[in-house]
Protein chains: 2
Amino acid sequence: MLSKQPKLTLVGAGPGDPELITLKAIRAIESADVILYDALVNKVLLEYSAEKALKIFVGKRAGLHSLIQTEINELIVEYALKNNHVVRLKGGDPMIFGRGQEEIEHAQSYGIETAIVPGISSAIAVPTLQHIPLTARGVSESFWVITATKANHEISKDIEIASQSSATVVILMGTQKIKEIVKIYQQQGKGNIGVAIIQNGTSENEKYVLGTIDTITEKAEDAQIGSPAVIVVGEVVKLHPKMLHASNLYQTQWV
Amino acid sequence: MLSKQPKLTLVGAGPGDPELITLKAIRAIESADVILYDALVNKVLLEYSAEKALKIFVGKRAGLHSLIQTEINELIVEYALKNNHVVRLKGGDPMIFGRGQEEIEHAQSYGIETAIVPGISSAIAVPTLQHIPLTARGVSESFWVITATKANHEISKDIEIASQSSATVVILMGTQKIKEIVKIYQQQGKGNIGVAIIQNGTSENEKYVLGTIDTITEKAEDAQIGSPAVIVVGEVVKLHPKMLHASNLYQTQWV
């Protein structure tokens with residue numbers, strides 16, 4: 001039997017629904033000696049792992065980001081160097097909004113072999129499952145994915161530039177910033193653009209509201225939408241079956 | 001035994017690697033009576049289907065887009081109304097750059113039940129597998145996905161706006177337009193920004209080049225990069241292990 005080598009595999013767990021994980025991700029979990037997993041990972045997925053595999057929760061605590069990230073980097077190296085296959089299981093895709101690149105780079109600096117398994121990002125899957133196409137002929141030919149909250153807790157300046165473009169804008173981590181987002185679009189005179197907020201997308205307790213920039217704040221409050229949520233801003237939101245049928249109804253009544 | 005109802009499921013086949021398909025997608029293929037599949041779908045995935053299932057290639061021919069799309073919409077309805085479960089298997093995610101929404105809307109107008117299974121988009125998976133993070137702390141906090149070629153064959157105006165932003169820009173269908181893309185960035189004085197072009201991403205014959213706006217055209221020509229390819233423009237490209245090691249070496253020599 002060959003002796004095992006230190007290895008790190010960064011694995012995307014997908015957007016929440018445990019069936020939206022890939023075959024390649026399952027095979028990585030099956031072969032793991034140690035699994036370090038995040039808060040957004042569906043714990044059902046850990047059942048694919050060997051019984052003797054060590055499963056460690058490394059979910060981040062608010063306000064302690066950089067410290068904890070250093071600790072995670074060190075844990076990966078510590079376990080891998082004992083000739084283990086370490087799987088770092090992250091929500092969505094492991095290389096976007098997840099500091100996966102830092103983990104890979106740190107491990108490689110110790111000569112540890114690394115691999116990556118892409119995952120389905122909630123930025124795409126959550127609108128897709130809600131029948132909202134991020135692109136559509138004649139409506140939008142691009143989409144821009146932005147995290148609302150930067151490391152310093154300020155709102156991202158990219159949202160201001162995005163509000164001037166014709167791209168569909170997908171905002172993550174934005175529920176607490178919805179009033180600021182609305183204000184940015186209103187300053188562009190875009191109060192009538194479609195907005196969807198989808199909480200717990202792809203999971204059993206998914207909840208959503210549809211509206212426009214001018215109406216979404218009140219609707220989100222009425223529906224008590226919380227985190228984690230995906231916000232979609234753009235005319236494509238009006239292709240959602242409920243808005244489409246509403247507008248057909250409107251035409252029937254008035255034309 | 002219950003009689004079957006007409007049903008359409010739009011299924012994302014992922015970016016090419018047949019292991020980058022989800023469990024949910026496999027289950028949909030297994031239960032299909034009819035599968036309509038595109039050119040970018042890996043044909044190995046058809047082996048999950050029942051032996052008696054009808055598999056129909058509906059890849060689009062250049063220049064005949066709208067006609068063929070109408071025919072696809074009609075085929076879906078025709079087969080579904082014979083009480084079949086029709087699976088529409090599309091490369092990547094079925095609701096972005098794929099006219100999936102039009103297919104769903106058409107089927108729903110005939111009262112056909114519809115469902116969607118998200119897939120991994122090559123826009124994210126191809127850079128991720130190349131160790132290029134689309135977002136990274138201190139480098140980029142957003143990414144913008146654009147198709148270079150619009151329905152009228154002109155280059156998308158969104159690329160011009162994107163070149164003025166700090167977003168990582170992911171361009172699909174852009175290999176033939178690389179000189180125009182380079183010119184747009186050079187006009188912004190951004191000749192030194194990193195660029196990667198990855199052809200046949202996630203497949204066995206994957207091929208890529210790394211450079212900057214100023215150097216990429218020549219490098220792509222030397223490497224004979226063709227289609228289909230994903231282009232990434234942004235400073236995050238310099239986090240690719242090859243560029244990172246080159247820049248560390250540079251520092252070692254000169255600092």
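The values are calculated or read from the model by the stated rules, or taken from the named source; none is laboratory data. Not measured: the values here are computed from a predicted model. Here the Cβ positions follow ideal geometry from the backbone for every residue, glycine too, while neighbour counts run over all protein chains shown. The protein model used for the area step is the full one, side chains on, heavy atoms only, and it has no ligands, DNA or RNA in it. Shrake-Rupley method; radii C 1.70, N 1.55, O 1.52, S 1.80 Å.
The chain A residue nearest the rotation axis shared with chain B, using its Cβ and rounding the distance to whole Å, is A:TRP144, 2. Across the stretch B:1-111, what fraction of all alpha-carbon pairs, as a whole percent, falls in each successive 5 Å bin from zero upward? With 5 Å bins starting at 0, P(r) equals 2, 12, 24, 26, 20, 11, 4, 1, 0, 0. Its Cα gyration tensor gives the stretch B:94-154 an equivalent ellipsoid; the semi-axes, largest first and in whole Å, are 31, 16, 10. Counting Cβ atoms of other protein chains within 10 Å of each residue's Cβ and taking the mean over peptide A:169-179 gives 1. Leaving ligands and nucleic acids aside, the A/B contact buries around 5000 square angstrom of accessible area in total at a 1.4 Å probe radius.
Measuring max minus min along each principal axis, the C-alpha atoms of the stretch B:187-230 give extents of 36, 18, 13 Å (largest first). Placing a label point 7 Å from Cα along the Cα-to-Cβ axis, B:LEU81 is separated from the same position in the other copies by 6.9 nm, shortest listed first. Shortest first, B:GLU221 label-point distances to identical copies amount to 6.1 nm, with the label point at 7 Å from Cα along Cα→Cβ. The count of lysine pairs in the stretch A:36-154 with alpha-carbon distances below 18 Å, taking only pairs 8 or more places apart or on different chains, stands at 9.
Calculated from the alpha-carbon coordinates, chain B shows an Rg and a Dmax of 20.6, 76 Å respectively.
Measuring max minus min along each principal axis, the C-alpha atoms of the protein assembly as shown give extents of 72, 56, 53 Å (largest first). Rg and Dmax of the stretch A:173-254, based on Cα coordinates, read 13.1, 39 Å. Quick one: check the C-alpha center-to-center distance for the stretch B:111-136 versus the stretch A:67-122, whole angstrom. If we compute the Cα centre of each part, the gap is 20 Å.
Label point of B:GLU180 (7 Å along Cα→beta-carbon): distances to the other copies' equivalent points are 3.7 nm, sorted ascending.
Size descriptors for the stretch B:57-181: radius of gyration and Dmax over Cα atoms are 17.6, 56 Å.
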